[in-house]
Amino acid sequence: MIPHERSLVERLQGRKFALLGVNSDKDKGYYQGEANANGVTWRSFWNGPKGTSGPISAKWNVRGWPTIYVLDHKGVIRFKDVRGEDMDRAVDTLLAELEKEQKG
C-alpha cells in the first residue's frame with residue numbers, strides 16, 4: 001500500500017490532509033528500514049512488539065491488516081476499509097465537504 005499512500009500524500013500536498021500509519025511489524029527497526037527505502041514521509045506509529053495484537057490495534061478494534069479509517073477534522077470515522085480508488089474518493093469527498101463548510 002505504500003506506493004498508493006505516497007501518491008495520495010503527494011497529490012494532496014498543500015491541502016488540509018494528513019496520513020497517519022500504524023506499523024504492525026514486531027521488529028521496529030525492520031519497518032524503519034522499509035519506510036526509508038520506500039519513501040514514507042508521513043507519521044507512522046509502531047504498534048509494539050506484539051505486532052498485530054499491540055495497544056493501538058486493540059484500542060481501535062482492528063481485526064485485520066490493513067484496516068483503513070478515514071477521519072474528519074473532528075476525529076469522527078467517516079469511512080472504514082476503503083482501498084485504492086475507493087479510498088481516493090472517500091478522501092476527496094471529505095475534503096470537498098470540509099472546504100465547502102469553511103467557505104460558509
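Simple point charges give the picture: +1 on the Cβ of Lys and Arg, -1 on the Cβ of Asp and Glu, and for the range 2-103 a dipole about the Cα centre of about 340 debye.
Where Lys and Arg each count +1 and Asp and Glu each count -1, what net charge lies around Met87 among other residues with Cβ under 14 Å from its Cβ? Once positives and negatives cancel, what remains is 0. Between Glu34 and Lys74, residue separation times 0.36 nm minus the direct Cα-Cα distance comes to 11.3 nm. Given R0 = 22 Å, the distance between the Cβ atoms of Thr67 and Asp88 translates into a calculated FRET efficiency of 0.80. Database remark: amide H of Arg78 closer than 5 angstrom to the amide H of Val70, Leu71, Asp72 (H placed geometrically; neighbours at sequence offset of 5 or more, or on other chains; Pro and chain starts carry no H).
Once C-alpha pairs closer than 8 Å and six or more residues apart are averaged by separation and normalised to the residue number of the chain, the relative contact order reads 20 percent.
Positive contributions from Lys and Arg (+1) and negative ones from Asp and Glu (-1), summed over other residues with Cβ under 14 Å from the Cβ of Lys28, come out at -1. Each Lys or Arg adds one and each Asp or Glu takes one away; over the other residues whose Cβ falls under 13 Å from the Cβ of Val40, this sums to -2.
Shape class for the range 18-76: oblate, because the ratio a/c of the largest to smallest gyration tensor axis (alpha-carbon atoms, square roots of eigenvalues) is 1.5 or more and b/c is at least a/b.
Every number here is computed from the coordinates shown, using simple stated rules; none is lab data. Everything quoted here is computed from the prediction, not taken from an experiment. A quick note on method: Cβ atoms are made from the backbone with ideal geometry, for glycine too, and the neighbour counts reach across all protein chains shown.
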